[in-house]
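Working notes, beginning with the structure itself.
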Amino acid sequence: MDLEINNEENLLPEKFLPEVKDLIELGGKKIGHNNDTEISINFVSDNKIHEINKKYRNKDRVTDVISFAIEDGEDPALLEIFKKEGIPRDIGDLFIAPHFVFQRAIELNHSQERELGYTVVHGLLHLSGYDHIKKADASRMMAIQEEILESYGLIK
C-alpha cells in the first residue's frame, strides 16, 4: 500500500511508526488492496479531532479515529475503469488522536501497541467499505479486524 503519514507535530512517538506501516500493509493485503492503493494517516491532537468530529460528524466530543473514505458511493464501473487504466486507488484519509488512543489503552487495560493497532486497522477497514452499523456487518468487520491484529501478534 502507498501510505502517507502526517506526524509533523510528533504526536505519535516515532517508535510506533513501523507498527502503523506494517499493519496498513498487512491489513491491506488481507482485504485485497493492491500495492498501489493510497491512504493517508494524519496524527492530530485531541483538540483537532474534537473540531473535526464536531464539524463533519456533528458529535461534540473527542474520539480516537475519524475516517474520510474517498470512494463512498463511487460508481463500481468507474472504479473498474481506474483499475484497468492502472490509476492508483485512493481510499481516503484517517485522522487519529494518539493521546486519546493511549488514554483508552489505559482504560481498557490494553498495551499502547494493541490500542493503536486496533485503531489503525479499524480505520483502514472503514476506508475500505466495512462498517459496524448492522449486527451482521459488525461481526464480519470485527472478525477481520481481530484476524489482522492477531496475525501481527497484537492479542487481546
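The values are calculated or read from the model by the stated rules, or taken from the named source; none is laboratory data. In this text, all values refer to a predicted model and were calculated from it rather than measured experimentally. Cβ placement follows ideal geometry from the backbone for every residue including glycine, while neighbour counts extend to all protein chains displayed.
Check Asn109 against each of (1) within 18 Å of Gly28 (Cβ to Cβ); (2) not in a helix (DSSP H, G or I) and name the one condition it does not meet.
(1)
Among the listed residues Arg114, Arg104, identify the single one that is under 21 Å from Glu146 (Cα atoms), assigned to a helix (DSSP H, G or I) and in contact with a His (Cβ under 9 Å, 6 or more places away or on another chain).
None of the others qualify; the one that does is Arg104.
Let me confirm something: among Ser151, Ser139, which residue is touching a residue at least 24 places away in the same chain (Cβ under 8 Å) and part of a helix (DSSP H, G or I)?
Criteria check complete, one pass: Ser151.
Out of the residues in the range 59-86 that are closer than 23 Å to Gly123 by Cβ, at pLDDT 70 or above and of a type in the set (Gly, Ala, Ser), which is surrounded by the fewest Cβ atoms within 10 Å (Cβ to Cβ)?
So, considering only residues that are closer than 23 Å to Gly123 by Cβ, at pLDDT 70 or above and of a type in the set (Gly, Ala, Ser), the one surrounded by the fewest Cβ atoms within 10 Å (Cβ to Cβ) is Ala69.
Please give the number of the condition Ala77 fails out of (1) under 18 Å from the mean Cα position of the chain (by Cα); (2) assigned to a helix (DSSP H, G or I); (3) of a type in the set (A, V, I, L, M, F, W, C).
In the conditions (1) under 18 Å from the mean Cα position of the chain (by Cα); (2) assigned to a helix (DSSP H, G or I); (3) of a type in the set (A, V, I, L, M, F, W, C), Ala77 misses (1) alone.
With the checklist (1) under 20 Å from Ile31 (Cα atoms); (2) part of a helix (DSSP H, G or I); (3) of a type outside the set (Phe, Trp, Tyr) in hand, flag the one item Ile91 doesn't pass.
Answer for Ile91: the failing condition is (2).
Scan Lys29, Lys48, Lys54, Lys83 and give me the residue that is of a type in the set (Lys, Arg), touching a strand residue (DSSP E or B) at 6+ places or on another chain (Cβ under 8 Å) and either part of a helix (DSSP H, G or I) or under 22 Å from Ser151 (Cβ atoms) (or both).
Lys48
Can you tell me which residue is nearest to Glu38 (Cα to Cα) among those in the range 2-22 that are under 13 Å from the mean Cα position of the chain (by Cα) and outside any helix (DSSP H, G or I)?
Filtering first and then ranking leaves Leu3.
Report, by residue number, each residue of the range 116-140 that is surrounded by fewer than 20 Cβ atoms within 10 Å (Cβ to Cβ) and hydrophobic (A, V, I, L, M, F, W, C).
Ile133, Ala136, Ala138, listed by residue number.
Does His122 satisfy the criteria of being in a helix (DSSP H, G or I), closer than 15 Å to Thr63 by Cβ and of a type outside the set (Ser, Thr, Tyr)?
yes
Restricting the range 91-110 to residues that are under 15 Å from Lys156 (Cβ atoms) and free of Cβ contacts under 8 Å to residues at least 24 places away in the same chain, which is nearest to the chain's Cα centre (by Cα)?
Step by step, filter the range 91-110, then rank; the result is Ala105.
I'd like the full set of residues that are surrounded by 17 or more Cβ atoms within 10 Å (Cβ to Cβ) and under 19 Å from Asp90 (Cβ atoms), limited to the range 6-22.
Hit for the range 6-22 is Val20, nothing else.
I'm trying to understand the selection: among the residues of the range 32-45, which are modelled with pLDDT under 95 and outside any loop (DSSP other than H, G, I, E, B)?
Once the filter is applied, which keeps residues that are modelled with pLDDT under 95 and outside any loop (DSSP other than H, G, I, E, B), the range 32-45 yields only Glu38.
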